[in-house]
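Participant: Starting off with a structure, shown below.
The values are calculated or read from the model by the stated rules, or taken from the named source; none is laboratory data. Being a predicted model, the structure only gives us computed values, none of them experimental. Ideal geometry is used to build each Cβ from the backbone, glycine not excepted, and the neighbour counts take in all protein chains shown.
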Amino acid sequence: MKITKAMIRPLALGMELLGSGGGGSATYQTLLLDFLLNKQMHPLHIIPPETVAVDAFILPVAYIGAPIVCLEQLQDGSEFKTLMATAKQVYGRSPDYLMSAEIGGSNGLTALIGSCITGIPVVDADLIGRAFPCLQMASAHLAGIPIGPAIICDAQGNSTAIFSKEALSVENIARNISIAFGSNGLMSLYPLSGKTILHGAIGESITRAHSLGNAIIDAQKNAHPLKTLSQAIPAMQIVCQGIITDVEVHVADGFTRGTIHVTTQKQGTLTIVYQNEYLQVLDQHKTSCAATPDIITLLDSTNLKPILSDEIQFGMQVVIITLPAPDCWYTSQGMALVGPETLLNNG
């Protein structure tokens, strides 16, 4: 499939929806991708994972760092030139395909931006199917695929390779290297082959994001937008509609954590607990209404645009919805990594 300029807006909306409040805003990345497509440096294609040759080399990529820094020090994609040069040294060959490591939020567009610059096609897949905060929270990790060698580089031409195969070690090392790189770096991790991608990645994630974004855009034009959106996305569940009446926020261990109180007409006041991503919704009796790994998202009642956790403001009229996450997150292994007991206790 060829990616066109007309597809950028629905892709970004769908990716922010899958971000579950985290993953960062895709606003700047949409502008950069639009600019690159205008320059027509290379045609932009996405390839179904099942059509990739068995011996192909697929490189998942993602930006790593602090979102606020990335907004002040805007990426221009030049990091990909450093990454490709380093990848050839570390992996012994250049990648045949790129793949976004995380479809949720701004990183969903990372591989597409890289493809415009390098000419390397993109596989329609990712490693999460949504957004999660840590590198070990990946389908490839569940499949027993090593995270390394991993590479981090920056826009100044610096690069570092991490040869550990332990996901937690790479997570800790990568975060510190990212700080040394100004909290704004490009990373490759969980290198895949055409064989391992079939059981180590989440297929059709770009297609899903595009479909979700188109559903939002079509619903925005309708007299009954929420009903129209619900009909277009049968798996979507509406938890409640209400107004944000209180927000509590604090930063700890590099994550933005807090609670959001949504007051409704019929269900009382519901509480959303988040750590970058929305993790759980509690009713007025503190009973769980929804929890990770379900994709919990807040939509603006007026335009159905997904609202990120760092965009929340008092007085917003919102709709809380959920979508199912990929099946791998509901297994015992998946729940041990991203279930509410794990993520909430870590917070």
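Participant: Suppose we filter Gly148, Gly114 for residues that are part of a helix (DSSP H, G or I) and at negative phi; which single one remains?
Facilitator: On the way: Gly148 fails: part of a helix (DSSP H, G or I).
So the residue among Gly148, Gly114 that is part of a helix (DSSP H, G or I) and at negative phi is Gly114.
Participant: Another question, if that's okay. Being part of a strand (DSSP E or B), outside the structural domain of Ala155 (by TED's automatic domain parsing) and over 20 Å from the mean Cα position of the chain (by Cα) narrows it down to one of Thr256, Thr245, so name that one.
Facilitator: Working: Thr256 fails: over 20 Å from the mean Cα position of the chain (by Cα).
After ruling out the rest, the residue left standing is Thr245.
Participant: Looking at the range 315-342, which of its residues are under 13 Å from Pro293 (Cα atoms), touching a strand residue (DSSP E or B) at 6+ places or on another chain (Cβ under 6 Å) and either not assigned by TED's automatic domain parsing to the domain that holds Thr292 or not in a helix (DSSP H, G or I) (or both)?
Facilitator: First, the residues of the range 315-342 that are under 13 Å from Pro293 (Cα atoms): 322-342.
Pick out the ones that are also touching a strand residue (DSSP E or B) at 6+ places or on another chain (Cβ under 6 Å) and you get 322-323, 325-326, 340.
Scanning the range 315-342 gives Thr322, Leu323, Ala325, Pro326.
Participant: Out of the residues in the range 191-207 that are in a helix (DSSP H, G or I) and touching a strand residue (DSSP E or B) at 6+ places or on another chain (Cβ under 9 Å), state the one that is nearest to Trp329 (Cα to Cα). Can you show your working first?
Facilitator: Looking only at the range 191-207, we keep the residues that are in a helix (DSSP H, G or I), and these are 197-200, 205-207.
Those still in the list that are touching a strand residue (DSSP E or B) at 6+ places or on another chain (Cβ under 9 Å) too: 197, 200, 205-207.
Details: Ile197: 17, Gly200: 13, Ser205: 15, Ile206: 18, Thr207: 20 Å.
Filtering the range 191-207 for residues that are in a helix (DSSP H, G or I) and touching a strand residue (DSSP E or B) at 6+ places or on another chain (Cβ under 9 Å), the one nearest to Trp329 (Cα to Cα) comes out as Gly200.
Participant: Are any of the residues in the range 94-113 surrounded by fewer than 17 Cβ atoms within 10 Å (Cβ to Cβ) and either within 23 Å of Ile173 (Cα to Cα) or among the polar types (S, T, N, Q) (or both)?
Facilitator: For the range 94-113, residues surrounded by fewer than 17 Cβ atoms within 10 Å (Cβ to Cβ) and either within 23 Å of Ile173 (Cα to Cα) or among the polar types (S, T, N, Q) (or both): present.
Participant: Can you confirm whether the range 80-92 contains a residue that is outside the structural domain of Thr297 (by TED's automatic domain parsing) and in a loop (DSSP other than H, G, I, E, B)? Walk me through how you get there before you give the answer.
Facilitator: First, pick out the residues of the range 80-92 that are outside the structural domain of Thr297 (by TED's automatic domain parsing): 80-92.
Then keep just the ones that are in a loop (DSSP other than H, G, I, E, B); that gives 92.
Checked the range 80-92: at least one residue is outside the structural domain of Thr297 (by TED's automatic domain parsing) and in a loop (DSSP other than H, G, I, E, B).
Participant: Something else: Scan the range 170-190 and report the pairs whose first residue is assigned to a strand (DSSP E or B) and whose second residue is surrounded by fewer than 17 Cβ atoms within 10 Å (Cβ to Cβ) and of a type outside the set (A, V, I, L, M), with Cβ atoms within less than 6 Å and a gap of 6+ or a chain change.
Facilitator: Asn184/Gln73
Participant: Now for a separate question. When the range 158-173 is examined, which residues are found to be surrounded by fewer than 21 Cβ atoms within 10 Å (Cβ to Cβ) and under 10 Å from Thr86 (Cα atoms)?
Facilitator: Hits for the range 158-173 are Asn158, Thr160, Ala161.
To keep it simple, each residue is scored yes or no on (1) closer than 30 Å to Ala6 by Cβ; (2) more than 21 Å from the chain's Cα centre (by Cα).
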site	(1), (2)
Ala161	no, yes
Tyr190	no, no
Gly203	yes, no
Asn214	yes, no
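Participant: Then there is this: Take the range 1-40 and flag every residue that is among the polar types (S, T, N, Q) and either touching a strand residue (DSSP E or B) at 6+ places or on another chain (Cβ under 7 Å) or under 16 Å from Ile295 (Cβ atoms) (or both).
Facilitator: Within the range 1-40, Ser20 is the sole residue that qualifies.
Participant: Can I ask one more? If we keep just the residues of the range 272-314 that are among the hydroxyl-bearing types (Ser, Thr, Tyr) and assigned to a strand (DSSP E or B), which is surrounded by the fewest Cβ atoms within 10 Å (Cβ to Cβ)?
Facilitator: The first filter runs over the range 272-314 and keeps only residues among the hydroxyl-bearing types (Ser, Thr, Tyr), leaving 274, 278, 287-288, 292, 297, 301-302, 309.
Cutting the leftovers down to assigned to a strand (DSSP E or B) gives us 274, 278, 288, 297.
Working: Tyr274: 26, Tyr278: 28, Ser288: 11, Thr297: 27.
The residue in question is Ser288.
Participant: Can you tell me which condition Ala235 does not meet? The list is (1) of a type outside the set (Ser, Thr, Tyr); (2) surrounded by fewer than 16 Cβ atoms within 10 Å (Cβ to Cβ); (3) under 30 Å from Ile162 (Cα atoms), and all the others hold.
Facilitator: (3)
Participant: Return the residues of the range 162-199 that are modelled with pLDDT of 95 or more, closer than 15 Å to Ala62 by Cα and among the small types (Gly, Ala, Ser); say none if nothing qualifies.
Facilitator: Within the range 162-199, Ser188 is the sole residue that qualifies.
Participant: Is at least one residue of the range 13-24 touching a Cys at 6+ places or on another chain (Cβ under 8 Å), of a type outside the set (D, E, K, R) and in contact (Cβ under 8 Å) with a residue 12 or more places away in the chain?
Facilitator: Looking for residues that are touching a Cys at 6+ places or on another chain (Cβ under 8 Å), of a type outside the set (D, E, K, R) and in contact (Cβ under 8 Å) with a residue 12 or more places away in the chain, one finds at least one in the range 13-24, hence yes.
Participant: To continue, here is another question. Residue pairs, Cβ under 6 Å, 6 or more apart or interchain, first in the range 328-343 and at pLDDT 95 or above, second among the hydroxyl-bearing types (Ser, Thr, Tyr) and buried (at least 17 other Cβ atoms within 10 Å of the Cβ). List them.
Facilitator: Sorted first by the residue in the range 328-343, then by its partner, the pairs are Cys328/Ser139; Val338/Thr292.
Participant: Which one of the conditions (1) in contact with a helix residue (DSSP H, G or I) (Cβ under 9 Å, 6 or more places away or on another chain); (2) under 23 Å from Leu74 (Cα atoms); (3) assigned to a helix (DSSP H, G or I) does His141 fail to meet, given that it meets all the rest?
Facilitator: Evaluating His141 over (1) in contact with a helix residue (DSSP H, G or I) (Cβ under 9 Å, 6 or more places away or on another chain); (2) under 23 Å from Leu74 (Cα atoms); (3) assigned to a helix (DSSP H, G or I) leaves (2) as the failure.
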